[in-house]
Each structure stands twice: as structure tokens, then as C-alpha cells.
Amino acid sequence: MIKTTILKHLSLFTLVTMASLPFSASADVLPSPPVIDAKAWLLMSYESGQVIASFNENEPLAPASLTKIMTSYVVGKEINAGHINNDDLVIISENAWGKKFPGSSKMFLNIGDNVTVDQLNKGVIISSGNDATVALAEHVAGHQAAFIEMMNRQAEVIGMQNTYFTNPHGLDADEQFTTAYDIAILTRALIKELPEMYGLFKEKSFTFQDIKQGNRNGLLWDTTLNVDGVKTGHTSKAGYSLVSSAEQSGQRFIAVVMGTKSTGTRRSESKKLLTWGFRFYQDLTPTFDGKELEPIKVWYGSPSKVSVELGDGGIITVPRRQRKNLEHKVFYNNNLEAPISKGEQVGKIEWYLDEEILIVQPIIAIENVEEAPWYGAAVDTIWRPISQWFSSQDWEPEK
């Protein structure tokens, strides 16, 4: 069963049109996803955000070092905001001492070392250093608890609804959990918003104080795929996990495999997903006729209509051999009232493949609409009841 990205459905919208895209490719049987030996897994298109295939994608699991993707995301956001810099010197505290993390991955930091933020980022991303995560957390927020609050706040902003962090490194903790879906949307945000930070994830090794450590993501050495990230994880509770991403011919997929039995299994199962995605799916930017994405009426607004566009750039991901069977329905909200903010969802498009829903895309406003002066609003006060009286489908979005 093909599953789609979790987006808010606006079920009470006026139906505008239903149409097929004019593709000439011949139909074929929808390809089944590979069998994946993992507790949970997922394949997502980076451009569209669609989940192409998945299993237990919303099951809360121990994150292990996949937690470090969020640590890097928070640090990268702080660098971009100018709150910290890559060349900042960090004095290593006892909490970040490598000897505090026996039997686990570390950068081999010593108390009193002066280490740059850039070195610590590489220690987290390439060497998966638990000690480096603590050093960065203390530098960014003063102490780990404050940094963990920042991690959980960012998780909410991104939409990670089934994730909670209790430390910055991912070592097993009773109340710490995430899901394959949440990790995928975090990875997508990191790639999109922090390209310079993401560039570190493809580095194959890092040397600190004459200690060279290799990146544990074995797919970086696979010559059949153009993998450039992302992160491995392993604890006794989590098993072996891998988040990987690859780009071919301008198309990128994100694969999440959680809870496998070995490093070899997480690598082989991730490769299966990426290979299958590139082989059978493609991103498209559909075109619409002039009547489908027209400006929408805004009651009591100035201007009285708002121009719209599709969220996520309008891109959808479809099976290569099923394109001519693709259909869509466009829905608009009949009862928009000012004010409307740029980026606000005002409609939706449902995409269908052989009558089964494939994806729901939001239609969003591309400009602000302010409240009209009293005399403009007075006209709408008169005409709105009349319009609703003659409207055959007077629906409103879900609250």
C-alpha cells in the first residue's frame, strides 16, 4: 500500500474541478515496495515531501544517534542567526569529557581543550561524538537542559508530532523517542534550510588530535548511488538505524530505516529503498488551466481577492508508468474572511491514482489581505448572504 505525506485535510472546500493530466505514457502495474527488515522504515521524496512507501512510520522508537540530526539542526539555525560562529572557541567542560562516555562513540575531547564550533560540528556529524554534542549544547545554550528545550521547540515548529528529546546525543533514555516519519521531515528541513551544514554529512572521515575516525554511513562508499548523508544510530534499545539521502538527475529521496539487526542490514535495506524509489518514481510539476488556480474571493478584504499557489512548489511524486492515470480535484474555501496572511492555507488539491488518493497538497495565499474599510465591508455584508443563498456548495474548512 502506497502511503502519502501527512498533511492537514481541509474537507469543507468548494469543489472546482476534476481533471486528468495529459500524459502519454502507458499505464503499468504499480510497483510494490521492497521487503525491508526493520522495525520501521520510510521513503520520502525530498522535493514534494510525499511518503512514497512506509511501515510503522509513526511508531515511537528509541532514536539513538539519529538525535544528532536535531542537534546539528539547532546548531545550524543558531549559526545562521548569528548567535554563534563556526570559529568560536569552546572550552571543554567536565560534562563534555570523552571519558564520560565509555563504550560509546566520541570525539575524544579532554577537559580544558579549546575546540572550535566547526570542529565540534564535524565531531558530531562525522565521528558521531557524544562528547561533542554536550560541548555544543553548553556553548549554544549555557547548559544541556536549555539546549534540549530548544531541540523540542524546533521539533514542534517542524511538525514532529511524535518526538521528544531528553538529551542531545541519543543514548538510551526512558522518555526519549521519535518516529521514522518525524526523522524524515527533520532531515528534509535540515537539507533545505541548512545546505552548508548538510555538506558535512558526506565527509567520510574526520581527524582530531591525531585520531582519525571514519563516517559510519557505509552508503557513502557505494558507487552505485550518489548518497551524501545522513546519519547512523545504534544503541541496545534502538538497534541499528540509518537515515540516508541520495540525489540522481536532480531528484532526491530520503530513506529512514530504524531498528535493524546489524550495520550491514541497515545499509542494504536503505539501499533497497533508494534504488527502488529512483527506479519507479519521479517528481513532476503539473500545469493547470487558467480557471483552476484563480484568485479567491475574500469577504470584507482589501483587496477583495487573493492570489494563490500550491504549497511545496506544486511538485508531486508519481509512479513513472502510471502518469496518464493521474487525476486531481481542486477545492477552494468559499468563506474566506479578512485578514488573510501570506502562506495561509485557503484550499487544497487532492491527487488520485486509479481512484485511490495519492497526496493532498495545500493551496496557499501568496499575499496578505487586510480588512477593508467600513464602506467596502458594508458592500460584502449585503452581498454575502445573497451569494451563499445561491451557492450549491457552501462549505468551510475544518476548525
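The values are calculated or read from the model by the stated rules, or taken from the named source; none is laboratory data. In this text, all values refer to a predicted model and were calculated from it rather than measured experimentally. All Cβ positions, even for glycine, are placed from backbone atoms using ideal geometry, and neighbour counts span all protein chains on display. Please note that ligands, DNA and RNA were not included when accessible areas were found on the heavy atoms of the full protein model with its side chains. Shrake-Rupley method; radii C 1.70, N 1.55, O 1.52, S 1.80 Å.
To keep it simple, each residue is scored yes or no on (1) at positive phi; (2) buried (at least 20 other Cβ atoms within 10 Å of the Cβ); (3) of a type in the set (Phe, Trp, Tyr).
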site	(1), (2), (3)
Arg267	no, yes, no
Lys272	no, no, no
Phe278	no, no, yes
Thr287	no, no, no
Ser307	no, no, no
Gly313	yes, no, no
Gln322	no, yes, no
His328	no, yes, no
Asn333	no, yes, no
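Within the stretch 160-181, the set of residues being surrounded by fewer than 24 Cβ atoms within 10 Å (Cβ to Cβ), within 19 Å of the chain's Cα centre (by Cα) and among the aliphatic types (A, V, I, L, M) comprises Met160 only.
When you go through Val346, Val318 one by one, which is the residue that is modelled with pLDDT of 90 or more, closer than 18 Å to Gln282 by Cβ and either part of a helix (DSSP H, G or I) or not charged (D, E, K, R) (or both)? Criteria check complete, one pass: Val318.
Annotation: of all residues in the stretch 88-125 being of a type in the set (Lys, Arg) and more than 16 Å from Gln213 (Cα to Cα), the one that is surrounded by the fewest Cβ atoms within 10 Å (Cβ to Cβ) is Lys99. Among the residues in the stretch 197-204, are any acidic (Asp, Glu) and assigned to a helix (DSSP H, G or I)? No, because not a single residue in the stretch 197-204 is acidic (Asp, Glu) and assigned to a helix (DSSP H, G or I). Might you let me know whether the stretch 136-145 holds any residue that is within 16 Å of Gln209 (Cβ to Cβ), touching a Phe, Trp or Tyr at 6+ places or on another chain (Cβ under 6 Å), in contact (Cβ under 8 Å) with a residue 40 or more places away in the chain and open to solvent by less than 40 Å² (accessible area, probe 1.4 Å)? No: zero hits.
When Leu66 is tested against (1) more than 24 Å from Glu196 (Cα to Cα); (2) in contact with a Ser or Thr (Cβ under 9 Å, 6 or more places away or on another chain); (3) not aromatic (Phe, Trp, Tyr), exactly one condition is not met: (1).
Kindly indicate whether Pro286 is of a type outside the set (Asp, Glu) and modelled with pLDDT of 90 or more. Judged against the criteria, Pro286 is not a match. Among the residues here, Ile148 does not qualify as without any contact (Cβ under 8 Å) to a residue 40 or more places away in the chain, on the phi < 0 side of the Ramachandran plot, open to solvent by 30 Å² or more (accessible area, probe 1.4 Å) and hydrophobic (A, V, I, L, M, F, W, C).
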